[in-house]
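One structure coming up, written as structure tokens, with questions to follow.
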Amino acid sequence: MSWHWRYEDASGGAVERTGSAESVERFPSQSDAESWLGEHWRDLLADGVAQVTLFEDGRNVYGPMSLSE
């Protein structure tokens with residue numbers, strides 16, 4: 001299984017994080033993906049990401065979820 005976040009703007013459009021290794025980050029579990037997000041959500045906001053959606057092997061698990069406090 002592979003888990004990943006899709007980064008989105010406020011209208012749901014995809015946000016590409018050019019030059020960022022995290023733009024292709026894959027996680028072995030949902031817990032790992034969620035822990036990573038808890039540590040990096042402020043960086044994502046600074047990069048123009050307003051919300052995220054979590055996927056497992058292409059299946060939408062949940063989201064979009066706002067990154068606003």
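Residues in the range 25-46, backbone N under 15 Å from the label point at GLU16 (7 Å along the Cα-to-beta-carbon vector): list them, ranges by number please.
Correct set: none at all.
Calculate how steeply helix 30-46 sits against the longest principal axis of the alpha-carbon atoms of the chain, using the helix alpha-carbon long axis, and give the answer as 0 to 90 degrees to the nearest 10.
That works out to roughly 10 degrees.
For every helix of n ≥ 4 consecutive DSSP H residues, a contribution of -39,500 (n - 2.57) applies; sum these over the chain, divide by its total residues, and give [θ] at 222 nm rounded to the nearest 500 deg cm²/dmol. Can you show the working numbers first?
Working: 1 runs with 17 residues, N = 69.
So the helix-based figure for the chain works out to -8500 deg cm²/dmol.
Could you work out how far apart the two model spin labels at ASP9 and ARG59 are, taking each label as a point 7 Å from the Cα in the direction of the beta carbon, and quote it in nm?
3.2 nm
Here's a follow-up. Normalised by the residues of the chain, what does the relative contact order come to in percent, with Cα pairs under 8 Å and at least six apart? Let's see the in-between values first.
Values: 102 pairs, mean separation 27.7, N = 69.
RCO, the chain: 40 percent.
Please identify which residues in the range 51-69 have an amide N closer than 19 Å to a label point set 7 Å out from the Cα of ASP43, following the Cα→Cβ vector.
Those under the cut-off are 51-55, 67-69.
Take the alpha-carbon positions of the chain, form their convex hull, and give its projected area averaged over all directions (one quarter of the hull surface) in nm². All intermediate terms of the calculation are to be shown ahead of the outcome.
Values: hull surface 17.0 nm².
In nm², the orientation-averaged hull projection of the chain is 4.3.
Every number here is computed from the coordinates shown, using simple stated rules; none is lab data. None of the values given here were measured: they were computed from a predicted structure. A quick note on method: Cβ atoms are made from the backbone with ideal geometry, for glycine too, and the neighbour counts reach across all protein chains shown.
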